[in-house]
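Have a look at the structure below, then the notes.
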Amino acid sequence: MTTPEYDNDNIFAKILRGEMPSFKVYEDDHTYAFMDIMPRAPGHCLVIPKVPCRNLLDADTESLGHVIATAQKIARAGMKAFDADGITVQQFNEDAGGQIVFHYHVHVIPRHEGVKMGPPGVMGDMDEIKANGEKLAAEVL
């Protein structure tokens, strides 16, 4: 089976072009990190490459390296900002793998001992997400 073509009109491509709003946490030459608007826990952030790629299956290794390096920065910041006990990092590929937005992205989710993640697909409170993004951004080194 071949991987479908990249869709330049996916929501993350629109965010990168400034056509859709986002709560930016961190940005460098290669990556962009922003808050998930359907957070599964406070501080749930997404890290994406700035180059177009659907997922892990078609991303070049250089982009993968940049994304994971940024995910590590966000994870460390999340531990501090949310006094987290741990971090969950998730990444999904293609429909059968649970991928919904077809631009490579990594979820970085601060976690607390004994607290389950919230359900997927539930829109969060935008004021709370914005505040959590500011809190997270303040800790990114």
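The values are calculated or read from the model by the stated rules, or taken from the named source; none is laboratory data. Since this is a predicted model, take the numbers as computed values, not measurements. In this analysis, Cβ positions are derived from the backbone assuming ideal geometry, glycine residues included, and neighbour counts consider all displayed protein chains. To get the accessible areas, we keep the full protein, side chains included, count just its heavy atoms, and leave off ligands, DNA and RNA. Shrake-Rupley method; radii C 1.70, N 1.55, O 1.52, S 1.80 Å.
Average accessible surface for region 1-94: 53 Å² per residue, computed with a 1.4 Å probe over protein heavy atoms with every protein chain in place.
Counting only protein heavy atoms, what percent of the accessible surface of the chain is carbon or sulfur at a 1.4 Å probe?
Working: 4280 of 7860 Å².
Its accessible area is 54 percent carbon and sulfur atoms.
Treating the beta-carbon of each Lys and Arg as +1 and of each Asp and Glu as -1, no other charges, what is the dipole magnitude of the chain about its Cα centre, to the nearest 20 debye? Can you show the working numbers first?
On the way: 13 positive and 21 negative charges, 67 e Å.
So the magnitude is around 320 debye.
Converting phi to 3J(HN,Hα) with the Karplus coefficients 6.51, -1.76 and 1.60 and the offset θ = phi - 60°, region 61-75 yields 5, 5, 5, 4, x, 5, 5, 5, 5, 5, 4, 5, 4, 5, 4 Hz in sequence order, with x at every glycine or proline. The distance from the alpha carbon centre of region 1-53 to that of region 109-141 is 16 Å, rounded to a whole number.
Listed peptides 91-98, 9-16, 29-36 appear in the order 29-36, 9-16, 91-98 once ranked by packing, highest mean of other Cβ atoms within 10 Å at the front. Our helix-only sum for the chain, with -39,500 (n - 2.57) per DSSP H run of n ≥ 4 divided by its residues, gives a mean residue ellipticity at 222 nm of -9000 deg cm²/dmol.
Can you tell me which of 118-131, 59-72 comes out highest on packing, and rank the rest after it, using the mean Cβ neighbours within 10 Å?
Values: 118-131: 12.0, 59-72: 16.4.
Top of the packing list down: 59-72, 118-131.
The orientation-averaged shadow of the Cα convex hull for the chain, equal to a quarter of the hull surface, comes to 8.4 nm².
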